[in-house]
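One structure is given below, represented as structure tokens, and several questions about it will come after.
The values are calculated or read from the model by the stated rules, or taken from the named source; none is laboratory data. What you see is a predicted model, and the numbers here were worked out from it, not measured in a lab. When we count neighbours, we look across all protein chains shown, and the Cβ atoms used for this are built from the backbone with ideal geometry, even at glycine. Note: accessible area is taken over every heavy atom of the protein model, side chains too, but ligands, DNA and RNA are not part of it. Shrake-Rupley method; radii C 1.70, N 1.55, O 1.52, S 1.80 Å.
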Amino acid sequence: MGKQNWKPGNMLNPVPAVMVSVTDENGRSNIITVAWTGTICTNPPMVSISVRPSRYSYDIIDRTGEFVINLTNQELVKACDYCGVVSGRDVDKFKEMKLTPLPMQQVKAVGIAESPANIECRVVEKKALGSHTMFIAEVVGVTIDDRYMNETGKFEINESGLVMYSHGEYFSLGEKLGKFGYSIKKKS
Ligand SMILES: Cc1cc2nc3c(=O)[nH]c(=O)nc-3n(C[C@H](O)[C@H](O)[C@H](O)COP(=O)(O)O)c2cc1C
């Protein structure tokens, strides 16, 4: 038993695989699956997505400066994969996957109604990194599905069947192991 040293590469796992929706100036919407996404600031709330310039969605994000991050759950995982292997140049992904465009409050880009949470984003910075260009964006609105609100008004997002992506495969959330700060909490 030993350790192997590999050449540099991306080994950060798991990550979310989100469905990023965009709408162009003619009102045509598209969805691109993005795994290179992350939360980068709490206040103001900011996120990033990294997109290859060759993607059909790239120019739309670049021109409009807007996109919506739609969280993927188990019901959406097949559509999520589909939106990551076919291009909006060739097909209408909303139509093919029978997804419903959801008008947003702050941006012209539509969200995906079937997603448990839609995060409206406005680009504030663009950074060419190499293969991918990172769009740094401010979160300007959030829509959540009240199917996942409990009686006490808490958003039970962990009950919505969220999906993660690890080493090329999709998984559902596993068993709960603890909660924030539990390691230093006194046992009662
Ligand atoms: C799970 C998964 C994750 C992906 N992550 C990214 C990503 O982070 N950035 C990217 O540019 N493409 C990513 N892709 C590839 C694009 O989603 C794919 O090329 C898509 O067909 C582009 O759509 P478009 O041409 O309609 O914009 C991913 C694909 C899959 C299946």
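If you keep only loop residues by DSSP, which GluC sites (Glu not before Pro) in the range 97-188 have at most 10 other Cβ atoms within 10 Å of their Cβ?
Sites meeting the loop and neighbour criteria: Glu151, Glu175.
Another question, if that's okay. Using each residue's phi in the range 150-164, evaluate 6.51 cos²θ - 1.76 cosθ + 1.60 at θ = phi - 60° and report the 3J(HN,Hα) Karplus result to the nearest Hz, with x for Gly and Pro.
With the stated coefficients, the range 150-164 comes to 8, 4, 8, x, 9, 7, 8, 5, 6, 9, 8, x, 4, 10, 10 Hz.
Further, regarding this structure: Tell me the per residue accessible area of the range 112-188 using a 1.4 Å probe; a whole number in Å² is fine.
Per residue, the range 112-188 has an accessible area of 71 Å².
Loop only per DSSP, at most 16 neighbouring Cβ atoms within 10 Å: give me the chymotrypsin sites (Phe, Trp or Tyr not before Pro) in the range 119-188, ordered by residue number.
Within the range 119-188, the qualifying chymotrypsin sites (Phe, Trp or Tyr not before Pro) (loop, at most 16 other Cβ atoms within 10 Å) are Phe180.
How large a share of the accessible area of the chain, in percent, is made up of carbon and sulfur atoms when the probe is 1.4 Å and the other protein chains stay in place?
52 percent
Short version: ³J(HN,Hα) in whole Hz for each residue of the range 60-77, in order, from phi by Karplus 6.51 cos²θ - 1.76 cosθ + 1.60 (θ = phi - 60°), x for Gly and Pro, what are they?
Going residue by residue, I get 5, 5, 4, 6, 7, x, 9, 7, 10, 8, 10, 5, 9, 10, 4, 5, 9, 5 Hz, with x marking Gly and Pro.
Taking amide H atoms as placed 1.01 Å from N in the peptide plane, list the residues 5 or more away in sequence, or in a different chain, whose amide H sits under 5 Å from that of Arg52.
Thr133
Just flag the GluC sites (Glu not before Pro) in the range 1-78 sitting in loop per DSSP whose Cβ has no more than 14 other Cβ atoms within 10 Å.
Counting only loop positions with at most 14 other Cβ atoms within 10 Å, the GluC sites (Glu not before Pro) in the range 1-78 are Glu25.
Further, regarding this structure: Would you mind classifying the range 1-152 by shape? Square roots of the alpha carbon gyration tensor eigenvalues, ordered a ≥ b ≥ c; an a/c under 1.5 is rounded, otherwise it is prolate if a/b is larger than b/c and oblate if not.
rounded
Shape call for the range 24-79 from the C-alpha gyration tensor, a ≥ b ≥ c root eigenvalues: rounded (a/c under 1.5), prolate (a/b greater than b/c) or oblate?
The shape class here is oblate.
Considering amide H positions built from the backbone, and no H for Pro or chain starts, which residues 5 or more places from Glu114, or on another chain, come under 5 Å of its amide H?
Thr100
In deg cm²/dmol, rounded to 500, what helix-only [θ] at 222 nm does the chain give when every DSSP H run of at least 4 residues adds -39500 (n - 2.57) and the total is split over its residues?
-2500 deg cm²/dmol
Tell me, which longest segment in the chain has none of the trypsin sites (Lys or Arg not before Pro) that fall in DSSP loops with at most 11 further Cβ atoms within 10 Å?
Longest site-free region, per DSSP loop and neighbour criteria: 4-88.
Which ³J(HN,Hα) values, rounded to whole Hz and listed in residue order, are derived for the range 115-129 from phi using the Karplus coefficients 6.51, -1.76 and 1.60 in 6.51 cos²θ - 1.76 cosθ + 1.60 with θ = phi - 60°, glycine and proline given as x?
Taking θ as phi minus 60°, the curve returns 7, x, 8, 10, 10, 7, 10, 10, 5, 10, 7, 10, 10, 6, 9 Hz for the range 115-129.
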